[in-house]
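See structure below.
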Amino acid sequence: MQSEASEEFNMGAERAPSAKQIIQEGLRVLFHWEYVALVEYVEGIVPLVFVAYKSVLENLPNIR
């Protein structure tokens, strides 16, 4: 009877993710979020830079 309980415990331990798997999954998630953050940053900054560029161009003295 005691051996059955220890076998069930060992089976549960085999199903649990190892520390290496947890770290790899965490790194994979961070890798993808880095690209999401970069894309969102570019989507926000590029229009602001473009607006600043256009406003400077409109205020130059040689515009027609």
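Do we have residue 22 as modelled with pLDDT under 95, out of contact with any Phe, Trp or Tyr (no Cβ under 7 Å at 6 or more places or on another chain) and surrounded by 10 or more Cβ atoms within 10 Å (Cβ to Cβ) here? Criteria met by residue 22.
So if I check each of 40, 8, 14, 4, which one is part of a helix (DSSP H, G or I) and either modelled with pLDDT of 85 or more or of a type in the set (Val, Ile, Thr) (or both)? Selected residue: 40, the only one of 40, 8, 14, 4 that is part of a helix (DSSP H, G or I) and either modelled with pLDDT of 85 or more or of a type in the set (Val, Ile, Thr) (or both).
The values are calculated or read from the model by the stated rules, or taken from the named source; none is laboratory data. A quick note: this is a predicted structure, and the numbers were derived from the prediction, not measured. Here the Cβ is made from the backbone with ideal geometry for all residues, glycine too, and neighbour counts use every protein chain on show.
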